[in-house]
Protein chains: 4
Amino acid sequence: MLGYAFMGDAHSRALAATRQLEPALEVELVSISGRDETAREEARSRLGWVEGVADWRLQVGDERVGLFVNGGPNAAHAEPSVAAARAGKHVLCEKPLGRDAAESWAMLQAAEAAGVVHATGFNYRFVPAVRAARELVASGELGEIVHFRARYLQSWGWDAPPSWRFDKEASGTGAIGDLGAHSIDLARYLVGEIASVSAVVRSFVPGREVDDAYVATVEFECGAIGTLEASRLATGRINHHAWEINGSRGSLAFDQERMNELLVGGRRGFATTLEHGDWWPPGHIVGWGDTFTYEYLHLLGAIAGAHELSPHGATFNDGYRCAEVCDAIVRSAASRAKEEVSYR
Amino acid sequence: MLGYAFMGDAHSRALAATRQLEPALEVELVSISGRDETAREEARSRLGWVEGVADWRLQVGDERVGLFVNGGPNAAHAEPSVAAARAGKHVLCEKPLGRDAAESWAMLQAAEAAGVVHATGFNYRFVPAVRAARELVASGELGEIVHFRARYLQSWGWDAPPSWRFDKEASGTGAIGDLGAHSIDLARYLVGEIASVSAVVRSFVPGREVDDAYVATVEFECGAIGTLEASRLATGRINHHAWEINGSRGSLAFDQERMNELLVGGRRGFATTLEHGDWWPPGHIVGWGDTFTYEYLHLLGAIAGAHELSPHGATFNDGYRCAEVCDAIVRSAASRAKEEVSYR
Amino acid sequence: MLGYAFMGDAHSRALAATRQLEPALEVELVSISGRDETAREEARSRLGWVEGVADWRLQVGDERVGLFVNGGPNAAHAEPSVAAARAGKHVLCEKPLGRDAAESWAMLQAAEAAGVVHATGFNYRFVPAVRAARELVASGELGEIVHFRARYLQSWGWDAPPSWRFDKEASGTGAIGDLGAHSIDLARYLVGEIASVSAVVRSFVPGREVDDAYVATVEFECGAIGTLEASRLATGRINHHAWEINGSRGSLAFDQERMNELLVGGRRGFATTLEHGDWWPPGHIVGWGDTFTYEYLHLLGAIAGAHELSPHGATFNDGYRCAEVCDAIVRSAASRAKEEVSYR
Amino acid sequence: MLGYAFMGDAHSRALAATRQLEPALEVELVSISGRDETAREEARSRLGWVEGVADWRLQVGDERVGLFVNGGPNAAHAEPSVAAARAGKHVLCEKPLGRDAAESWAMLQAAEAAGVVHATGFNYRFVPAVRAARELVASGELGEIVHFRARYLQSWGWDAPPSWRFDKEASGTGAIGDLGAHSIDLARYLVGEIASVSAVVRSFVPGREVDDAYVATVEFECGAIGTLEASRLATGRINHHAWEINGSRGSLAFDQERMNELLVGGRRGFATTLEHGDWWPPGHIVGWGDTFTYEYLHLLGAIAGAHELSPHGATFNDGYRCAEVCDAIVRSAASRAKEEVSYR
């Protein structure tokens, strides 16, 4: 694993948690890398990694490593992930895959060429209610899908401490890649490919290199239309990742802060149903950290050959396609016109 | 009054209800017009109008008439309203004012030239919680406004009976003018003028002349960005006119189906507060029909000279400016580019 | 009408509003009574009553009066209502009917003997969602009813100005008769007669003569069990009159602050449905004042002989039976034992 | 550990999860016991216990065992827990502690005499929002507490398969000990000791030995009054453990299905705040399983001497005192009178 901050905790705990959930492969926490020795050693010891190293190249060359998890800053996604894939390691890279579509495309090409299992860390696909939504859409019960709208609203951006997340070189974009990428991935997972976008992208806080917020309209290949929105400046909204799908016979609505609830809309209104997977009895909810555990259970199954990673897990191709939508958002903001989303 | 359908009920009952609420002027229900004699006479008798006439021209020429209320189909907004104004009648015309900006502009010019009080029927300005929101924004308590998002979602469009609302000549637009106009008016009332829009407009139901839905991004003159959306095809949504304002120090959220609640967002989340005006004790809510009563109390005060109609009441200028935004939405859908909103 | 305060407004406006809703009888606002001449005259003029008198006895003897509406303080319910009935007037008396069961019983006896239509002002029966709930229960769709729970929580009692509502002689009880009576009436309307109660009754604010709050368990004759609760001291609760019914096949839940919503529970959770009567299109809600309009439309139909007042309207018998439950609550608090509810 | 069903999963996963959360003591999963060899071995292997044994006596006599976790049926709580304590093992026993107060008292006496750390499995004390509520009450911010109401509603009882949970000998009570015990413990944790109860207890489903539901009023030693309720027959309610505290200056409300939200009530209404501990960034919620992890982190700290188990962890004394309230509920249902809660 590369990275030992917030994402280090989430991934390490989830990897360990798979051990009691009949994983297709047994997990061993071999090596964690990061440049700050004190912080890395603290994380290594606390999270139970066997060893810590300063340079991820040592991990890529380590025979004991079968899966390379990249939880580093966005600028550190491409080179280590590509190197790991070329060394025959399976790779899970956090989202956004690259800082733009070109970088993401190169990552996809390398991973495909290497023949390894490659995953992008879109963990929200593994919220049980999201999976249930996907199944409802696929079943045709909602009829013809006409609308999708998503907003991912947080508010910490008003007085945030300095971070690589505000540095353009390190992060690529701001709210677009950090928050918007999740909405775009769910849009693709639930409704299908996005054909065009028209967006406004804005930095409000003086001195900020990256976007604080964006808004966009989208056209889907299936004919549906919708809106996408993300902001780090939505006072009162903490982690409000909410989306809604409207179909000719039914609708679905969801809010990540109440991630165990799937609202199912019919002719007369919406019913609140609890969808929290099958670990616990009805109404005993799962948490955000559990989405990573589900993600790894699925990934381990794919590595073991029990199933394909796709469609439920996001591959580097999903990471790349999401990046094309993000790029189109940026282009549209500049061109002040609708931009088609095209893939290489 | 012109019109005797759904809008006839709402307006007639509200006009009568003002009588017990210390109106600036006493209301007398003089004359109702409409071409179907049976239906008109039924409405006249039930709603308490003194007389019914087939032709609105008789009302425009009637000395007893001081206020002309136009609740007819969109295509019948311009000519009667203009004639009434020219005859010196004060005019309240339902929204959308005209079928497009040009028609609305002509109505505004005529009303201004006649020197009468002119009002556009944006009744949602008279929801007590909306008025409270306006005052909170104006007080500066929310700080710098960065986002506004509104969606007006209904679902009756999937299997609606034939209606002038689907006829392009009679209505101008579909969801845009019917539902979207309300959101646009509140956007202007709460946040200020809209500088540009980029939109997708779509008819989904085969054979429909007008739009079933639109989505748009907007830029406000004040710098805020946002999304607007309306649909008649959002299964599960009945009359979901919801908007949210995010500012640097506070946020507000509202849903017309729970029109007595104003959600006030601060650093830690949103508080649900009840805002239902001062007729009843705390927590005793008002209804949709009551917004018309408030609207008429305000209009009667403006006619009596007690206060200006604007800013709390919408004038023909507000109706016209809303129409410019609607036109820009239509243009943008065709041009696939952002369209500036400009005013004559 | 006797009374010109808060209840005077609600009743007067509702009486006038019936005029445009095809009432079975035409309403004329003949006479309003009250001792304070200035306040009475202000109300009379504002609300449109033809004349004002100091003494209700003049109304009882007035040939023009067909319906006597008693909106006075609780201590003024019995004598005027009985006198009016004996004079052949139909009577609508606000709740609680009498200050205790004995007083209520005497009122019932007098009204029955006089042969007039008699109604107790349980206006919440006329919330459209409550009526829909009654019909769902009656239809058997919920199966066997096993639970009913209701709470009526307000918070103004902490720092309320002096009022007859805190005076034992004037009011009988505090939260029990003021708020609890509404819950008890809906319990009876929706689930049936209450067989026993066990209660705690408490005054928390020093110097207060009447109860601030009560809690009770109840057994219904049908076998269901439940809880009832009311308080004027529930900080944060404004007019939270919420109840829930659980049956073997379905459940219903309601909150007066969102009085247009009826939550319908099935195997997987609750669906929010809008039930707001048939005045307006779907999703266009009614308000608290409208419940009085519905109440009068029903009462006028009963007076005209179009239907019985019961079961949808509450008679003096319903007022009396509610009072027996209230009395049993008071007895149980003193005896610290379950008290059977028995009727004369 | 004794037990390998649902509780076995929850406890085993939580014990393992502590390893990455800086536990005061390192956890080793030594031995799991249970009579069905196939099921036990499946659980042992899956959950990572070193060995499985048929008889808990082997665990009590095992030197490697430092903590005995009793997750068996209620009838298997007392004897093994007492034996473990006498053998010097620290003990965590699931709730309800014993099947009645007498059995619970004997367990408490044995554990106290043995000088071990003893805990009752009231895991809901370890919901971050519950802990935050306790701190708000303790801070005095809510002022004088006047009301507490709790309901724990589920619906699986209508068509549940046979289970020891319906067997009086095996379980003691039904909804009272299974669900009600949690509410009673939180009532004590948040508001203080319960002085009296008055209850109705009912079995609705034919042939059922234990109660399906109970309702009760309570008086607290601090003067507050309230209601308690639990049911396995509340159609539409899945795991609805909701409570509310009203104080003179503030209120709190909570629902276990949305266990990351604490509603904070003030003069104007309730604010929804997210309280999910400090593992993840704001708005990234924890799940039901995480409450066990928090519980074990706390217990391990108490065993290591870093802090007392009480007040945040529930001891056998808390389990015993809860049982006295449960017994009083049963007595009150029989006596049809209020029953004082007294402690030995």
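Read-outs throughout are calculated quantities, based only on the coordinates presented, and are distinct from any laboratory measurement. The structure presented is a predicted model; accordingly, all values stated were derived computationally and were not measured. All Cβ positions, glycine included, derive from the backbone under ideal geometry; neighbour counts span all protein chains shown.
Let me know the volume per residue of the alpha-carbon convex hull for the protein assembly as shown, in Å³.
Numbers: hull volume 230.6 nm³, N = 1376.
Here the figure is 168 Å³ per residue.
Using label points projected 7 Å from each Cα along Cα→Cβ, tell me how many nm separate A:R267 and C:S310, to one decimal.
In this crude label model, A:R267 to C:S310 measures out at 3.6 nm.
What is the residue of chain A with the smallest Cβ distance to the axis taking A onto C, and what is that distance in whole Å?
A:A271, 2
What is the Cα convex hull volume of region B:163-231 when expressed per residue in Å³? Could you put the intermediate results ahead of the total?
Working: hull volume 5.4 nm³, N = 69.
Cα-based convex hull of region B:163-231, divided per residue, equals 78 Å³.
Mind grabbing the base-10 log of I(q)/I(0) for region D:6-123 at q = 0.11, 0.14, 0.16, 0.17 Å⁻¹? Debye formula, identical points on the C-alpha positions, no solvent, two decimal places.
Per q value, in the given order, log10 I(q)/I(0) is -0.34, -0.56, -0.74, -0.84.
What order do you get for D:247-258, A:254-265 when each peptide is scored by the mean count of other beta carbon atoms within 10 Å, highest first? Working shown, then result.
On the way: D:247-258: 21.5, A:254-265: 23.0.
Final packing ranking: A:254-265, D:247-258.
Under the definition of partner shielding as Cβ atoms of other protein chains within 10 Å of a residue Cβ, what is the mean value for peptide D:236-248? Don't skip to the answer; put the middle values down first.
Numbers: counts 18, 9, 15, 8, 4, 1, 0, 0, 6, 2, 9, 4, 7.
The mean count of partner-chain Cβ atoms within 10 Å per residue comes to 6.
Which ³J(HN,Hα) values, rounded to whole Hz and listed in residue order, are derived for region A:114-123 from phi using the Karplus coefficients 6.51, -1.76 and 1.60 in 6.51 cos²θ - 1.76 cosθ + 1.60 with θ = phi - 60°, glycine and proline given as x?
For region A:114-123, the Karplus curve yields 7, x, 8, 6, 10, 10, 9, x, 7, 5 Hz.
Assume the label is 7 Å from Cα along Cα to beta carbon: what separations in nm does A:A102 have to the matching positions in the other copies?
The answer, with the shortest distance listed first, is 4.7, 8.3, 9.5 nm.
With 27 Å as the cut-off, how large is the P(r) tail for region C:119-251, expressed as percent of Cα-Cα pairs?
Values: 1989 of 8778 pairs.
Summing the P(r) tail past 27 Å for region C:119-251 gives 23 percent.
Can you say what percent of the DSSP beta bridges in the protein assembly as shown, counting only those with both residues inside, are antiparallel? Round to 5. Walk me through the intermediate numbers first.
Numbers: 168 of 244 bridges.
The answer is about 70 percent antiparallel.
Within the P(r) computed for region B:178-294, what percentage of the Cα pairs occupies the region above 16 Å?
The answer is 69 percent, as a whole percent.
Going 7 Å from the Cα of D:S335 toward and past its Cβ, which residues in region D:175-201 have a backbone nitrogen under 12 Å from where you end up?
The answer is D:196-199, whose backbone nitrogens lie closer than 12 Å to the label point.
Which percent of Cα pairs goes in each bin when the distances of region A:124-340 are cut into 10 angstrom slices starting at zero?
8, 31, 36, 20, 4, 0
Got the C:G88 label distances to the other copies yet, label 7 Å along Cα→Cβ, in nm, shortest first?
Ordered by increasing distance: 5.3, 9.9, 10.9 nm.
Given labels modelled 7 Å from the Cα in the Cβ direction, how far is it in nm from B:R249 to D:E51?
6.9 nm
With the label 7 angstrom out along Cα to Cβ, how close does A:A337 come to the same site in each of the other copies, in nm, nearest first?
List, nearest first: 0.6, 8.9, 8.9 nm.
Ranked highest first by the average count of other Cβ atoms within 10 Å around their residues, in what order do B:132-138, D:139-145 fall? Could the numbers behind the result be given before it?
Details: B:132-138: 16.9, D:139-145: 15.3.
The peptides rank, most packed first, as B:132-138, D:139-145.
Please average, across the residues of C:114-126, the number of beta carbons from any other chain that are within 10 Å of each residue's own beta carbon, and give a whole number. If you can, show how the numbers build up before the last one.
On the way: counts 0, 0, 0, 0, 0, 0, 0, 0, 0, 0, 0, 0, 0.
Per residue, the average neighbour count from other chains is 0.
Under the 0.36 nm per residue contour assumption, what length would be gained going from the current alpha-carbon distance of A:R64 and A:E221 to full extension?
52.1 nm
Considering every residue in A:331-341, what mean count of other chain Cβ atoms within 10 Å of its Cβ is obtained?
Working: counts 0, 4, 2, 0, 2, 7, 6, 9, 1, 1, 0.
Across A:331-341, the average partner-chain Cβ count within 10 Å equals 3.
Under a plain spin-label model, where a point goes 7 Å from the Cα along Cα-to-Cβ, how far apart in nm are C:R86 and B:E79?
6.8 nm
Count the net charge of all other residues whose Cβ sits under 13 Å from the Cβ of B:E41, scoring Lys and Arg as +1 and Asp and Glu as -1.
Numbers: positive: B:R35, B:R40, B:R44, B:R46; negative: B:D36, B:E37, B:E42, B:E51.
Computed value for this residue: 0.
With Kirkwood's inverse mean 1/r over C-alpha pairs for Rh, give me the Rg to Rh ratio of region C:11-80, two decimals please.
Details: Rg = 12.4 Å, Rh = 12.9 Å.
Rg/Rh: 0.96.
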